[in-house]
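**Student:** Quick one: the structure is below, questions incoming.
The values are calculated or read from the model by the stated rules, or taken from the named source; none is laboratory data. All figures in this text were calculated on a predicted structure; none of them were measured in a lab. So basically every Cβ, Gly included, is an ideal-geometry build from the backbone, and we count neighbours across all protein chains shown. To get the accessible areas, we keep the full protein, side chains included, count just its heavy atoms, and leave off ligands, DNA and RNA. Shrake-Rupley method; radii C 1.70, N 1.55, O 1.52, S 1.80 Å.
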Amino acid sequence: GGGGGGGGGGGSPFSLQNILLVGVLAYYGSSLFGGGFEGLDDDEGGLASSDGAHLLGRVAELRTLEAFKGLLAQHRDETGLPVVVDFYSPSCGPCRMVAPAYKALAMELKGRAAFAKVDVNRNHATSSACGVRSMPTFHFYLDGKLRDSFAGADSRRLQRAARDLAQRAEEGGTHVGREVTAASLAAFYATHDASKVPEAAEIASQYKSSTAKLVRALKKKYGQGPATSP
């Protein structure tokens, strides 16, 4: 007689073990195969976004690698807010499933975090640079650096990671709509480095749109930063 149904050397490619393995790889794909882009260099930038999506609780669509880097640079240098990025595909079922929770989270953290999304089909340059292999994948950036990431439509993990990073950013100081004035910087230098007082107005003007960058640099050098104002 012909061969029996159960025996064979390699087994069916659709065995339970293989199906489970594929599922695990798909879910944790970015952790296993990720790597690549870990964040911006200190002076790296891109095409800055000025639509104020983070103030309106909206999710910004990033269509190019320059726009992606620009958003990270904007919040690294200007606001100090964390940036959360959803790498998705319109044809991905789990992506569609988690999208309402992501949109609601952007509204909840309005003014406390910036939310963006990248269509991996239309913006392959960004997803490739970030080592994304499965959808959805979420990246969490602070000060231009990748702080956390995971793959899968886990809305609770998404909420927890975004809220935690927003709190961490606030503990370090965020500067939405704030600046270091010449007077504030002069007063700061008068206490910490009197030789810099004559340069205060010029430095304040130079960093007018880079409040977070200036405060971060001064904290690193002097242990604390100057006062900011709206």
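**Student:** Quantify, in whole percent, the carbon and sulfur part of the accessible surface of segment 183-230 (1.4 Å probe; protein heavy atoms only).
**Tutor:** Numbers: 1480 of 2810 Å².
C and S atoms contribute 53 percent here.
**Student:** What chymotrypsin sites (Phe, Trp or Tyr not before Pro) in segment 47-108 are in a loop by DSSP, with at most 14 other Cβ atoms within 10 Å of the Cβ? Each step should come with its number before you reach the end.
**Tutor:** Details: sites: F68, F87, Y88, Y102; in loops: none.
Nothing satisfies the criteria.
**Student:** Considering only protein heavy atoms, with the full assembly of protein chains and a 1.4 angstrom probe, order M97, M107 by accessible area, largest first.
**Tutor:** M97, M107
**Student:** Report the net charge of residues surrounding S209, where surrounding means a beta-carbon distance below 11 angstrom and charges are Lys +1, Arg +1, Asp -1, Glu -1. Write out the running numbers ahead of the final one.
**Tutor:** On the way: positive: K208, K213; negative: D77, E78, E179.
Computed value for this residue: -1.
**Student:** Out of segment 57-130, which trypsin sites (Lys or Arg not before Pro) are coil in DSSP terms and have no more than 16 other C-beta atoms within 10 Å? Spell out each step's value before the answer.
**Tutor:** Details: sites: R58, R63, K69, R76, R96, K103, K110, R112, K117, R122; in loops: R58, R63, K110, R112, R122.
Passing both the DSSP loop test and the Cβ count: R63, K110, R122.
**Student:** Subtract the Cα-Cα distance of R157 and A104 from 0.36 nm times their separation in residues, and report this length gain in nm to one decimal.
**Tutor:** Details: separation 53, 0.36 × 53 = 19.08 nm, distance 1.43 nm.
Additional length available on full extension: 17.7 nm.
**Student:** So, one more: Only sites in a loop by DSSP and with at most 16 other Cβ atoms within 10 Å count here; which trypsin sites (Lys or Arg not before Pro) in segment 185-230 make the cut? Present the calculation step by step, with values, prior to reporting the outcome.
**Tutor:** Numbers: sites: K196, K208, K213, R216, K219, K220, K221; in loops: K208.
Here the sparse-neighbourhood loop sites are K208.
**Student:** Can you work out the accessible area per residue across segment 125-191, with the rest of the protein chains kept in place, probe 1.4 Å, in square angstrom? Please report the intermediate quantities before stating the final value.
**Tutor:** Numbers: 2890 Å² over 67 residues.
Averaged over the residues of segment 125-191, the accessible area is 43 Å².
**Student:** Next up: Take segment 49-94, drop everything but the C-alpha atoms, weight them equally and run the Debye formula without solvent; then report log10 I(q)/I(0) at 0.15, 0.17, 0.25 Å⁻¹ to two decimals.
**Tutor:** -0.42, -0.53, -1.00
**Student:** Amide H to amide H, which residues 5 or more places from K117 or on other chains are under 5 Å from it, using H placed in the peptide plane?
**Tutor:** It is A60, E61, L62, D86, by chain and number.
**Student:** Further question on the same structure: Over the alpha-carbon set of segment 188-227, work out the extent along each principal axis and list the three values in angstrom, largest first.
**Tutor:** That gives 24, 21, 14 Å along the principal axes, largest extent first.
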